[in-house]
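These notes are about the structure you will find just below.
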Amino acid sequence: MISLRLFLSEVTAALRTLLGDPNARMTMIAGILIYSVLYPQPFVGEVVRDVPIVAIDQDNSAASRSFLRRIDASDQVEIVSAMPNMDAARDAFFRREAYGIVIIPAGFEKDILAQVPAPIAAFGDGSYLLVYSNIMEAVTTVARAVGAEVNFERLTATGMDDVQARASLSPVSVTNIKVFNPQGGYASYVVPASFVLILQQTLMMGIGLLHAGRRMPTGLRMWATPVAYIGLYVVWVAFTQLLLPLFYGIPRTGDFSTLLLVALPFICACTAMGFAIALLIPWREGVVFFLVVMGLPLFFLSGIAWPIESIPQHLHILSLLVPSSSAISAFVAVNQMGASPQDIAGTVQLQIILAIGYTALAVAIYQLSSPPRQQAGK
């Protein structure tokens, strides 16, 4: 009982040291709170709506006007003005008054009535993927709907039954259901995954700020210090994976006990890796610089921003040495998709291996380090 009380007092002392260091406090506490407020803000709208575009109606017919009204009625784009020619439309595009141009050429209605293809042209700003996809999807959807209606009228005019005509035009009916992300939104997709990487990077940066170039804890504090960081970040896991989704309306279906099953070894692995980096890079600025530079590549290598299947195999295997690379998918699988412990067993095992491996590496580096290096910066 006395040893437990002593151990808890060392854990408390480690937390007090963290709170007493302004740099570590800003990174491991204030930083996460700031990220929690600011990072999700650009994605609160979930999906891109009413992208401004301009229209050039060279046909000026009932069919062309109806076509443009249907495009404008979609929630994806908004026709902000009609332009007389391509030069005026291009000027509006480069002034950023519009991000797309739709052109209906002369003879549009005549071609439809003559039962020949009626071409239209659509231009979108390809430098913004979501904006471009909205423009093209809106135009394509209306074009297909108009085409189906025209063909339906032609078939029924020949005496074909309505049901047969519809079946002939659409023999296969597809129902699109967005599983795990009902809004089809970007926040539901990127925010939960990003915070796993944020937790890893802030934890390792904090360890670097507190221990790089300084004498490492010894005795009972050698074990109490990592436990203090792990306990703090278990709280942050609950905050970022439970409270934030609730606050921002992000769907979550997972069980917290299953989430802890992957979160605990993940935090242990990050803590061990943080101490190993702090021993390898014996100055605080170097640790922070290294982790900042590695942040974006690690996010892409996790398979969230870019499919794992499209990542070169040797890079994917190398990325598994970093806890977040496998943990991000496991966190998302549990929290957003309701994965069971069996589904994440492989990731949990990998995180345990990483925790043991980096702990052994940190101990080995510590033992091999010369005394002057251990005391540098003290």
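Read the figures in this text as sums done on the coordinates, not as results from a lab. The structure displayed is predicted, hence computed values, not measured ones. Glycine gets a Cβ as well: all are built from the backbone with ideal geometry, and neighbour counts include every protein chain shown.
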Under 10 Å, Cα contacts only: if you run a Gaussian network model on the chain, which one of 118, 333, 362 comes out with the highest mean-square fluctuation?
118
Compare the Cα positions of 27, 12, 43 along the charge dipole of region 1-51 (+1 at Cβ of Lys, Arg; -1 at Cβ of Asp, Glu; about the Cα centre) and return the one farthest towards the positive end.
12
What value, in deg cm²/dmol to 500, does the helix sum -39500 (n - 2.57) over DSSP H runs of n ≥ 4 give at 222 nm once divided by the residues of the chain?
-20000 deg cm²/dmol
Between the alpha carbon centres of region 78-122 and region 193-239 the gap in Å comes to 57
Using just the alpha carbons, could you tell me how many Å³ per residue the convex hull of region 247-357 encloses?
127
Taking the chain as the reference, fit the longest principal axis to its C-alpha atoms, fit the long axis of helix 284-301 to the helix C-alpha atoms, and give the angle between the two in degrees, 0 to 90, nearest 10.
40
Could you check which residue among 241, 349, 200 shows the biggest mean-square fluctuation in a GNM of the chain with a 10 Å Cα cutoff?
349
Whole-Å distance, taken between Cα centres, linking region 135-191 and region 240-283
42
Projected onto the charge dipole of the chain (unit charges on the beta-carbon of Lys, Arg, Asp and Glu, signs +1, +1, -1, -1), the Cα from 126, 261, 271 with the largest positive-side position is that of 271
Taking Cα atoms, how many degrees apart are the long axis of helix 2-20 and the longest axis of the chain, rounded to 10 and kept between 0 and 90?
60
Whole-angstrom Cα spans of region 51-169 along principal axes, big to small:
52, 28, 19
For each of 347, 175, count neighbouring Cβ atoms within 10 Å of the residue's Cβ, then give the residues from fewest to most.
175, 347
Set Lys and Arg Cβ to +1 and Asp and Glu Cβ to -1, take the dipole of the chain about its Cα centre, and tell me which of 94, 249, 282 lies farthest positive.
282
Sequence-distant or interchain residues sharing an amide H contact under 5 Å with residue 51, placed H: which?
77, 78
Rounded to whole Å and sorted largest first, what semi-axes of the equivalent ellipsoid does the C-alpha gyration tensor of the chain yield via the square root of 5 times each eigenvalue?
57, 23, 17
Volume in Å³ per residue [convex hull over Cα atoms, computed for region 216-307]:
132
Take every DSSP beta bridge with both residues inside the chain and express the antiparallel ones as a percent of the total, to the nearest 5.
30
Test item: Cα-centred dipole of region 145-271, Lys/Arg +1 and Asp/Glu -1 on Cβ, debye:
900
Using alpha carbon coordinates only, what is the Rg to Rh ratio of region 1-124, with Rh defined as the Kirkwood radius?
1.51
Angle between the Cα long axis of helix 62-73 and the longest principal axis of the chain, 0 to 90 degrees, nearest 10?
20
